[in-house]
Amino acid sequence: MRILIVEDDLTLAEFIKKGLSEEGYAVDIISNGEYGLNLALNYEFDLIILDVMLPGKDGLEICRSIRKKNKSVPVLFLSARDETCDIVKGLDSGANDYLTKPFAFPELSARIRALLRVSATPDNTGILKTGDLTLNLFLRKAERSGKKINLTLKEFSLLEYFMRNPDRILTRTMIIEHVWNFNFDNFTNVIDVYINYLRKKIDSGFEFKMLMTIRGSGYMLNSKI
């Protein structure tokens with residue numbers, strides 16, 4: 001899962017990035033509102049964290065612009081403005097949630113998980129299913145035909161991206177943009193290594209192989225047994 005943080009307090013942004021990265025998220029930071037809006041509108045993120053007071057363009061303007069483009073990406077405001085009127089303005093601008101500073105990181109993490117569960121599954125269960133493969137986003141557990149699959153954080157994020165896009169060819173660039181971040185070196189073979197790790201874990205012991213390599217194009221999770 002890929003998260004964009006638009007926050008001009010870089011110390012705070014790096015603190016949040018460190019915590020979220022340890023939980024398996026790919027995180028990008030931008031400190032300018034104008035640049036943040038450009039990224040939000042032109043790249044796909046699974047969630048956006050916005051400060052309200054930003055140089056270039058404030059968070060409220062950014063959120064309104066995102067919604068005008070009909071983007072359904074969850075938006076979480078993280079702001080020192082804690083008056084009720086400020087919270088109302090933030091939510092009315094199109095945000096899904098509003099958390100005031102200072103905050104406890106576990107609460108931020110829990111709110112992010114809640115927003116991602118809702119965006120992932122309409123029934124709000126946080127459970128993705130593709131064929132006989134099941135992924136519980138809340139408990140971070142994977143199973144295939146009842147067999148438990150132990151995944152690292154990065155493998156979990158990679159499988160989640162595939163399961164959000166079953167039967168769709170995902171290019172290396174698409175995988176990098178969603179599972180890693182802008183600082184990732186596109187010329188390494190890390191993608192192929194992780195695909196092989198994941199393939200062994202979800203396909204080993206099963207006659208039907210789900211994770212397919214599409215030569216010259218990318219990879220696909222096949223749901224049709």
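The values are calculated or read from the model by the stated rules, or taken from the named source; none is laboratory data. All of these numbers come straight from a predicted model, not from anything done at the bench. Reconstructed Cβ throughout: ideal geometry from the backbone, glycine too, with neighbour counts over all protein chains shown. The protein model used for the area step is the full one, side chains on, heavy atoms only, and it has no ligands, DNA or RNA in it. Shrake-Rupley method; radii C 1.70, N 1.55, O 1.52, S 1.80 Å.
Working note: Cα gyration tensor of the stretch 133-203, eigenvalues times five, square-rooted, sorted largest first, giving semi-axes of 22, 12, 12 Å. Taking a sphere under 9 Å around the Cβ of Leu41 and counting the other residues whose Cβ falls inside, with K and R at +1 and D and E at -1, yields a net charge of +2. For the stretch 19-133, the Cα-based Rg and Dmax, in that order, read 14.6, 48 Å.
Here's the list of lysines a cross-link from Lys68 could span, going by alpha-carbon distance under 17 Å and ignoring same-chain residues fewer than 8 apart: Lys57, Lys89. Summed over all non-identical Cα pairs, the Kirkwood treatment of the stretch 68-116 gives a radius of 11.4 Å. Computed with every protein chain present, the accessible area of Ser204 is close to 70 Å² [probe 1.4 Å].
Give me the net charge of Ile214's neighbourhood, meaning all other residues with Cβ under 12 Å from the Cβ of Ile214; Lys, Arg count +1, Asp, Glu -1. Its environment carries a net charge of +2. Available extension along the chain between Asn196 and Asp167 is 8.6 nm, counting 0.36 nm per residue and deducting the alpha carbon span.
Of the residues Ser79, Ser145, Ser217, Ser223, the one with the largest accessible area comes first in the ranking Ser145, Ser217, Ser223, Ser79, computed with a 1.4 Å probe on protein heavy atoms.
Using the Karplus relation 6.51 cos²θ - 1.76 cosθ + 1.60 with θ = phi - 60°, the per-residue 3J(HN,Hα) values for the stretch 149-161 come to 10, 8, 10, 6, 4, 5, 4, 4, 4, 5, 5, 4, 5 Hz, with x marking Gly and Pro. For the chain, a crude dipole built from +1 on the beta carbon of Lys and Arg and -1 on the beta carbon of Asp and Glu, taken about the Cα centre, is about 1060 debye to the nearest 20. Expressed as a whole percent, how much of the Cα-Cα distance distribution for the chain exceeds 29 Å? Cα-Cα pairs of the chain separated by over 29 Å account for 29 percent. Coupling constants for the stretch 202-219 follow from the phi torsions by the Karplus curve (6.51 cos²θ - 1.76 cosθ + 1.60, θ = phi - 60°), and in residue order they are 9, 10, 4, x, 10, 5, 8, 8, 8, 8, 10, 9, 9, 3, x, 10, x, 9 Hz; glycine and proline get x. Against the compact-protein benchmark of 2.2 N^0.38 Å, the Cα-based radius of gyration of the stretch 72-147 scales to 1.39. Entry note: the stretch 11-59 has Rg to Rh equal to 0.97, where both radii use alpha-carbon atoms and Rh is the Kirkwood radius. Heads up, I need the accessible area for Ser65: 1.4 angstrom probe, whole protein in place, Å², nearest 10. Answer for Ser65: close to 40 Å² accessible.
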